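Have a look at the structure below before the remarks.
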Amino acid sequence: MHARTRYEPRDEYTRYWQEHYKSEPYFDAKYQWEDFDPAFQYAYDKRAEFPDRDYDDVEASLEAGWQKARGKSRLAWEQAKRAVRSGWHAIERALPGDADRDGL
């Protein structure tokens, strides 16, 4: 079980990204929400699976699992990883205390 964040329940997290993904620097208009959503959901699931790990420490594992997790998303890992990273860090920022140990 992961620590409760402002993104509980999951639909609040999903709603946030659905409203904001187009303003992210990696957004590419040739892709739609249906392409990005699996990346954000993957971040949500994996952050819960690795609650005490930094993104950089698990990126290789995330890359290895993306092909299966992506479902019908048209994003290859090179395109999806920035969305996954954004989702991962959004959860860290929402956790109480200094979950990502960055001193902030």
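Tell me, yes or no, whether the stretch 57-74 has at least one residue that is closer than 24 Å to L95 by Cβ, loosely packed, with under 12 Cβ neighbours inside 10 Å and polar (S, T, N, Q). No - not one qualifying residue is present in the stretch 57-74. The residues of the stretch 23-79 that are at pLDDT below 95 and part of a loop (DSSP other than H, G, I, E, B), listed by number, are F50, P51, D52, R53, D54.
Output yes when any residue across the stretch 41-49 is under 14 Å from the mean Cα position of the chain (by Cα), of a type in the set (A, V, I, L, M), under 11 Å from A83 (Cβ atoms) and surrounded by 15 or more Cβ atoms within 10 Å (Cβ to Cβ), and no when none is. Can you show your working first?
Going residue by residue through the stretch 41-49, those that are under 14 Å from the mean Cα position of the chain (by Cα) are 41-49.
Of the ones still in play, those that are also of a type in the set (A, V, I, L, M) are 43, 48.
Remaining after also requiring under 11 Å from A83 (Cβ atoms): 43.
Of the ones still in play, those that are also surrounded by 15 or more Cβ atoms within 10 Å (Cβ to Cβ) are 43.
Scanning the stretch 41-49, I find at least one residue that is under 14 Å from the mean Cα position of the chain (by Cα), of a type in the set (A, V, I, L, M), under 11 Å from A83 (Cβ atoms) and surrounded by 15 or more Cβ atoms within 10 Å (Cβ to Cβ), so the answer is yes.
The values are calculated or read from the model by the stated rules, or taken from the named source; none is laboratory data. None of these values were measured; they are calculated from a predicted model. Don't worry about glycine lacking a Cβ; one is built from the backbone with ideal geometry, like all the others, and counts go over all protein chains shown.
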